[in-house]
1. Could you list, in sequence order, the residues of the range 270-287 that are open to solvent by less than 30 Å² (accessible area, probe 1.4 Å) and either of a type in the set (A, V, I, L, M) or touching a Phe, Trp or Tyr at 6+ places or on another chain (Cβ under 6 Å) (or both)?
2. Taking the residues in the range 210-231 that are open to solvent by 20 Å² or more (accessible area, probe 1.4 Å) and either basic (Lys, Arg) or under 25 Å from the mean Cα position of the chain (by Cα) (or both) as candidates, determine which candidate is farthest from ligand 2 (Cβ to nearest atom).
3. Got at least one residue in the range 287-306 being within 26 Å of HIS269 (Cβ to Cβ) and of a type in the set (S, T, N, Q)?
4. Which residues, counting only those in the range 52-75, are more than 16 Å from ligand 1 (Cβ to nearest atom) and either farther than 28 Å from THR125 by Cα or at pLDDT below 90 (or both)?
5. Test LEU333 against the stated conditions and say whether it is part of a helix (DSSP H, G or I) and open to solvent by less than 20 Å² (accessible area, probe 1.4 Å).
6. Could you check how many residues of the range 127-160 are closer than 16 Å to SER226 by Cβ, crowded, with 21+ Cβ neighbours inside 10 Å and hydroxyl-bearing (Ser, Thr, Tyr)?
7. Could you identify the single residue in TYR353, TYR305 that is farther than 21 Å from ILE114 by Cα and buried (at least 18 other Cβ atoms within 10 Å of the Cβ)?
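The values are calculated or read from the model by the stated rules, or taken from the named source; none is laboratory data. From a predicted model like this one, the values you see are computed outputs, not experimental measurements. Positions of Cβ are generated from backbone atoms using ideal geometry, with glycine treated the same way; all protein chains shown enter the neighbour counts. Each accessible area value is taken on the protein alone, full model and side chains, heavy atoms only, with ligands, DNA and RNA left out. Shrake-Rupley method; radii C 1.70, N 1.55, O 1.52, S 1.80 Å.
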Amino acid sequence: MLLYNSLSHKKEEFIPNEAGRVSMYTCGPTVYHFAHIGNLRSYIMEDVLEKYLRFTGLDVKRVMNITDVGHLTSDGDTGDDKMLKGAKREHKTVMEIAKFYTDAFFTDCAKLNIKTPDVVVPATTYIDEFIRVISSLMDKGYAYEAGGNIYFDTSKLDKYYVFGDFSEEDLEVGVREGVEADGNKKNKADFVLWFTKSKFDDQELKWDSPWGVGYPGWHIECSCISMKNLGEYLDLHCGGIDNAFPHHTNEIAQSEAYLGHKWCNYWFHVHHLNTTNGKMSKSKGEFLTVSLLEEKGYDPLVYRYFCLLSHYRKSLVFSWENLDNAVVTFNKLIAKIAPLTQEKSGEIDKAEYDRLMNGFTSALDNDLNTSLALTAVYDVLKSGANAATKLALIAEFDKVLGLNLIKKAEEKASQGAGNAADIPAEVLELVEQRKAARKDKNFALADELRDKIAALGYEVKETRQGTEINKL
Ligand code: AMP
Ligand code: ZN
């Protein structure tokens, strides 16, 4: 498989350190608010990558952190503590906030068919490990104490800006967002490993350390959690593109200083989901969540499908209109698969199966080209293969795509049959009248008709996917 590596700026053959096994690390969410659908774009694309690596027969071990301490509003270690901000906003404790939004994150992931990583580590459970690695960095001369905090000394490295593609603006990260620069740093790029002189007097979570009571910086969390669970040689590290600098740059600096050798071979960065007004961001307050999509009647898997239509290395613009277009094509796709689920299964045609499978794998082998992988589904449908071959292929593809294609197609097929056979004509007629009333924006009449339908023992629901009629 060819994968674009942000370290080399090239597509490279993906070769894990140990044949047949992959160690994969993902930066997890900062749990002070719901994940927005931009964050979830990153997790969807990482999920497709993990599933495809497994699909090709590799044994993947994936680890993710939960950032429940240490992440300040500026990635340059200044500004407010994000967790504390969340706790104040909701008049709760930091741990209550962390628990609530960690659960909410995994609920959203489940709705999007994102697999939970094999190991998930909340940063607050690894404090001893952070202290151990920071102590070693102090002993090795890579870290210093200033003004009560412990900093990583970037001047000790031959090369700090390993990704090498940052604009002046990126490098100003420490002094962005209207916060003062930290006068304790010896070099502008130095970053905090351990905070003791917190300007937050009301800092809730604090631990004892050789340098005084305090808490860890955000970057050290990922290095330690990764090294402890995946060893000294990491194959693949993932995150959104905004994490490349300074977060991943700092992870590399401290991990390699600690280990004394190269740490991670491949860096996979997902580009941003933007709104028509720019980047989506939790700190901006108003943002789009999976719950909001559901409230508006969208199936969360339509959002996953929407993400798969674009390459992960291109930024993607979200608008309701774009999502509506995805709903239409997704429904058409399901409608095309539906009749296949009703046909009698025959023998799988091996030659056709291999040919069509090849279309799918070559798309993903070329730097995870998910939109071409979706085209491979259409190629299957258009092909002359029999229903059994087509269904077998689509079921296999869906192990990676994660769109519940067969299940939805079966539902669609049985709904069609159900409508015709089981639902009384009188109910179907009322449903049609109700559709017309809604179209005319006569909601009072639509409600009245819904009550009449209910009196006949049926419930009618309008979703973006169409009208659903269910027995009460
Ligand atoms: P956070 O919860 O802020 O730590 O971010 C969680 C993940 O979402 C990180 O990998 C970020 O790089 C990623 N991310 C943040 N904003 C976006 C966005 N607008 N589009 C895609 N990924 C994002
Ligand atoms: Zn990280």
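1. VAL270, LEU273, MET280
2. Checked the range 210-231; the qualifying residue farthest from ligand 2 (Cβ to nearest atom) is GLY231.
3. yes
4. TYR52, LEU53, ARG54, PHE55, THR56, GLY57, LEU58
5. Yes; evaluated as a whole, the condition is true for this residue.
6. 0
7. Just one listed residue meets the conditions, TYR353.
Conditions (1) farther than 26 Å from LEU2 by Cβ; (2) touching a residue at least 12 places away in the same chain (Cβ under 8 Å); (3) more than 17 Å from the chain's Cα centre (by Cα); (4) surrounded by fewer than 20 Cβ atoms within 10 Å (Cβ to Cβ), marked per residue:
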position	(1), (2), (3), (4)
THR289	yes, yes, no, yes
GLU295	yes, no, yes, yes
TYR298	yes, yes, yes, no
LEU309	no, yes, no, yes
TYR312	no, yes, no, no
ASP324	yes, yes, yes, yes
